[in-house]
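This report concerns only the one structure given below.
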Amino acid sequence: MRRIDPLARRAAVALVALLLTAAAAIMTGSQSVSAATVPTADPPMVDNDFPVTREGAHGDNRFTVFRPTDPQAVGHPLPVLSFGNGACAHTNNSEVTQALTFIASKGFVVVNTGSADGSSNGVPSGTPIPSLLTDAITWAEQEQERSASPLFGQLDLTKVATAGHSCGGLEALVAAQDDRVSAVASLNSGFFEDGSFGYPRSELQKLHTPAMFLDGGPSDIAYANSQANYGLTTVPSVLASQPQAGHGGFITGSQMVDGMTAVVSFLDMVLNGNETATDYILDPSGLAAQAPWTVATKNF
């Protein structure tokens with residue numbers, strides 16, 4: 001495979017990030033493009049370690065919010081990640097608490113499906129409801145404007161992503177078709193060949209953002225789907241596989257930190273054009289050099 005010069009790669013990724021942010025700004029009526037999309041030598045988001053608050057979403061017990069306790073301490077408006085749970089669990093989200101706390105500590109606001117205390121919220125579990133993830137984005141938009149909110153004026157709504165684990169990954173891939181979304185990460189997931197749950201693989205052709213597919217190797221029940229979905233995408237895409245993770249290691253196992261580091265770095269690359277994150281995801285000396293990971297990329 002022809003090796004692409006790292007400087008050319010950085011420029012290309014930065015251009016993609018800038019174009020996506022400009023498009024999002026047009027869609028949301030924003031009058032300016034955040035300067036954070038211009039490539040800089042800023043430290044990558046994964047180096048951050050902010051204290052995190054986990055709380056129920058104001059006025060909507062369908063969601064739990066993970067955020068830096070002091071949003072202003074981050075030093076810039078926060079990107080938003082809408083996250084779907086494994087098994088399409090829409091009430092109890094305790095399984096993902098550790099992983100989403102990690103992501104929030106890096107400077108994200110994560111809006112997750114499920115009530116903060118696991119109480120009934122009227123949403124059935126077990127089948128994908130992608131509209132929950134887009135509703136989570138709408139909730140964030142409302143908090144940006146609510147003067148009593150700790151997130152009032154603290155969000156960068158030109159930098160919105162979806163992600164999810166297993167069944168929640170299906171939700172994320174469908175929700176990523178929303179024009180407000182600029183990146184998507186599918187963890188141990190992917191559309192089924194037979195169109196199970198009502199979503200055929202042709203849904204992948206509706207993606208308009210860079211995509212990451214993360215799987216746990218051949219022992220992961222979603223391995224074949226993840227690999228096949230990556231093969232069918234036409235957007236810039238990353239396929240990262242860690243064969244020791246299986247289906248749940250990125251969420252509850254010893255591979256959680258490595259998996260969430262990959263997700264944060266991918267989002268930092270796409271949303272911010274961060275040079276260090278870009279090299280970590282795309283350069284052979286980055287994630288791909290960390291055994292037993294294997295990484296494939298295309299269209300960057």
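The values are calculated or read from the model by the stated rules, or taken from the named source; none is laboratory data. Computed from a predicted model, the values in this text were never measured in an experiment. Reconstructed Cβ throughout: ideal geometry from the backbone, glycine too, with neighbour counts over all protein chains shown.
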* Asked: Which residue, of Ala296, Ala240, is in contact with a Leu (Cβ under 7 Å, 6 or more places away or on another chain), buried (at least 23 other Cβ atoms within 10 Å of the Cβ), at pLDDT 95 or above and not in a helix (DSSP H, G or I)?
  -> Ala240
* Asked: Within segment 273-287, is there a residue that is without any contact (Cβ under 8 Å) to a residue 40 or more places away in the chain, surrounded by 20 or more Cβ atoms within 10 Å (Cβ to Cβ), in a helix (DSSP H, G or I) and over 14 Å from the mean Cα position of the chain (by Cα)?
  -> no
* To do: Please enumerate the residues belonging to segment 60-94 that are assigned to a helix (DSSP H, G or I), out of contact with any helix residue (DSSP H, G or I) (no Cβ under 8 Å at 6 or more places or on another chain), in contact (Cβ under 8 Å) with a residue 24 or more places away in the chain and over 18 Å from Gln142 (Cβ atoms).
  => Gln72, Val74, Ser94
* To do: Determine whether Asp268 is among the acidic types (Asp, Glu), over 14 Å from Ala163 (Cβ atoms), at pLDDT 95 or above and out of contact with any strand residue (DSSP E or B) (no Cβ under 8 Å at 6 or more places or on another chain).
  => no
* Only one of (1) in contact (Cβ under 8 Å) with a residue 40 or more places away in the chain; (2) assigned to a loop (DSSP other than H, G, I, E, B); (3) surrounded by fewer than 21 Cβ atoms within 10 Å (Cβ to Cβ) fails for His247. Which number is that? -> (3)
* Asked: If Phe83 satisfies every condition in (1) at pLDDT below 95; (2) of a type outside the set (D, E, K, R); (3) surrounded by 15 or more Cβ atoms within 10 Å (Cβ to Cβ) but one, which is the exception?
  -> (1)
* Residue check for Thr97: of a type outside the set (Asp, Glu) and either free of Cβ contacts under 8 Å to residues at least 40 places away in the same chain or on the phi > 0 side of the Ramachandran plot (or both) -> no
